[in-house]
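Read the structure below first, then the notes.
The values are calculated or read from the model by the stated rules, or taken from the named source; none is laboratory data. Everything numeric here is computed off the predicted structure, so don't read it as measured data. Cβ sites come from the backbone with ideal geometry, for glycine too, and all protein chains shown count toward neighbours. What goes into the accessible areas is simple: the full protein's heavy atoms, side chains included, and nothing from ligands, DNA or RNA. Shrake-Rupley method; radii C 1.70, N 1.55, O 1.52, S 1.80 Å.
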Amino acid sequence: MIPVSLPGGNFYVLMAVSLACLSTLLTWLAVLATSRGAREWLSGHRRGGTVLMALLAVVGAIFPYQQFSQWFSVQREAQADDARKTVLSQPTQLAGVQMPTGTTLRLATPGELASFDRAVFPESHPAEIHGVAATRLFRYPATPKQPETLSAEIARDQALEGWLCAHGHRIEFVVQGGHPQFSSCHLAIGNTLAQQPVPAGAWLKVEPAARGTPLDKTGTAPRWLLRTEGSDALTVAGIPLLKVDLQLDAQRRMLGFEGLAARDTVLGDMTYPPGTRVLAANPRLQGAQPGDLLFSPSRGRSARRAGGEDVPAGKSVLQAPDGTVRSVLSNREAGVLDVAAMRMAP
């Protein structure tokens, strides 16, 4: 969301008062021009009438002055923006992207093509970035905290490294060695994971260590971070979850996950309420085995245990996939940060 600075309430009061004074003054002048009686009255109250008209004129001038200042500022910004624009007369490569003839660039520094911060490509000739046809491109220069990045707008859903990216969001690239490398995008309808649909709008990010490297179908190193939002649940380890973070390798095999239970979840003797934090247990956790799960009730909620004591917030339950409870730990021992309770429904 773009922050917008709004004027204070006194500004609108002043504009209303100024407009009222201006309207009164213009009405008075019209009456003076058409009514002899009004002119005679003014001649008899020349001093008071003059002071009143001057006061109305001063206060009433604030409104048109403000409107003129805004118009002048807009015109000045438009002229400055036009001075920074240029159209390419021949194909040119900038930021690792081959830009076609007719591309309109907006330059941060007039005359320096490499300083562009926005490129609009001809409708008939979009620019290609990693096989994706981009209609507009935004460039963000490198800073001490992050590398040079590019944001591309696309006119339709397009595939990139096996994922279908949505056209309603920009595709992000990071420039490495003078070439853009796929960084992230929001997914469109049509993506699947473990034979189930991925909720539309899920955010996909390439792990920084894997960025710019070819897909290794035999490796097990982390490559993707998949993050879901909204009310559509994604089933992971047999549990419907919301707000899921999934770490995947190049073959889309799950390496780790974390999310919130979308509804009451029963596993073995344990029953967990909606909003319970669920994640793959860290292999370094004492007593944990591959495939184990960690459940942490949210604040104000407790997990029920058949034939045993409830597990309150602040505690985590380590369970095997078959439901065997291995241990009950404090969140600190389990390496889980306490999180506030989340409202799961209106």
Is it the case that SER151 is among the hydroxyl-bearing types (Ser, Thr, Tyr), part of a strand (DSSP E or B) and either modelled with pLDDT under 95 or closer than 25 Å to GLU258 by Cβ (or both)? no
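Each row is one residue, and each column tells you yes or no for (1) free of Cβ contacts under 8 Å to residues at least 24 places away in the same chain; (2) small (Gly, Ala, Ser); (3) farther than 30 Å from ASP81 by Cβ.
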position: GLU123; (1), (2), (3): yes, no, no
position: GLN146; (1), (2), (3): yes, no, no
position: ASP157; (1), (2), (3): no, no, yes
position: LEU160; (1), (2), (3): no, no, yes
position: SER183; (1), (2), (3): no, yes, no
position: ALA188; (1), (2), (3): no, yes, yes
position: THR213; (1), (2), (3): yes, no, yes
Those residues of the stretch 240-263 which are in a strand (DSSP E or B), over 26 Å from ARG211 (Cα atoms) and in contact (Cβ under 8 Å) with a residue 40 or more places away in the chain, in sequence order: LEU242, LEU260
Does the stretch 318-339 include one or more residues that are open to solvent by less than 60 Å² (accessible area, probe 1.4 Å), out of contact with any strand residue (DSSP E or B) (no Cβ under 8 Å at 6 or more places or on another chain) and not β-branched (Val, Ile, Thr)? no
When you go through ARG156, ARG211 one by one, which is the residue that is farther than 18 Å from LEU279 by Cα, among the charged types (D, E, K, R) and open to solvent by 70 Å² or more (accessible area, probe 1.4 Å)? ARG156
So which residues in the stretch 277-300 are of a type in the set (S, T, N, Q) and touching a Lys or Arg at 6+ places or on another chain (Cβ under 7 Å)? SER296, SER298
Within the bounds of the stretch 96-103, is there any residue that is within 18 Å of THR149 (Cβ to Cβ), free of Cβ contacts under 8 Å to residues at least 60 places away in the same chain and open to solvent by 20 Å² or more (accessible area, probe 1.4 Å)? no
In the stretch 5-56, the residues that are over 19 Å from GLN67 (Cα atoms), of a type in the set (Ser, Thr, Tyr) and in a helix (DSSP H, G or I): THR27, THR34, SER43, THR50
Might you let me know whether the stretch 231-248 holds any residue that is under 26 Å from the mean Cα position of the chain (by Cα), closer than 23 Å to ILE189 by Cβ and modelled with pLDDT under 90? yes
If you scan the stretch 50-93, which residues turn out to be among the hydroxyl-bearing types (Ser, Thr, Tyr), within 26 Å of ALA114 (Cβ to Cβ) and open to solvent by less than 50 Å² (accessible area, probe 1.4 Å)? THR86, THR92
From the list ALA237, ALA221, ALA306, exactly one residue is more than 28 Å from SER327 (Cβ to Cβ), open to solvent by 50 Å² or more (accessible area, probe 1.4 Å), among the hydrophobic types (A, V, I, L, M, F, W, C) and touching a strand residue (DSSP E or B) at 6+ places or on another chain (Cβ under 9 Å). Which is it? ALA221
Looking at the stretch 264-273, is at least one residue assigned to a loop (DSSP other than H, G, I, E, B), touching a helix residue (DSSP H, G or I) at 6+ places or on another chain (Cβ under 8 Å) and farther than 22 Å from THR220 by Cβ? no
Could you list all residues from the stretch 264-299 that are of a type in the set (D, E, K, R), surrounded by 15 or more Cβ atoms within 10 Å (Cβ to Cβ) and within 31 Å of the chain's Cα centre (by Cα)? ARG277
Within the stretch 82-127, can you find the residues that are among the polar types (S, T, N, Q) and part of a loop (DSSP other than H, G, I, E, B)? SER89, GLN90, THR101, THR103, THR109, SER124
Which one of these does ARG47 not meet: (1) loosely packed, with under 10 Cβ neighbours inside 10 Å; (2) closer than 30 Å to ARG139 by Cα; (3) not polar (S, T, N, Q)? (2)
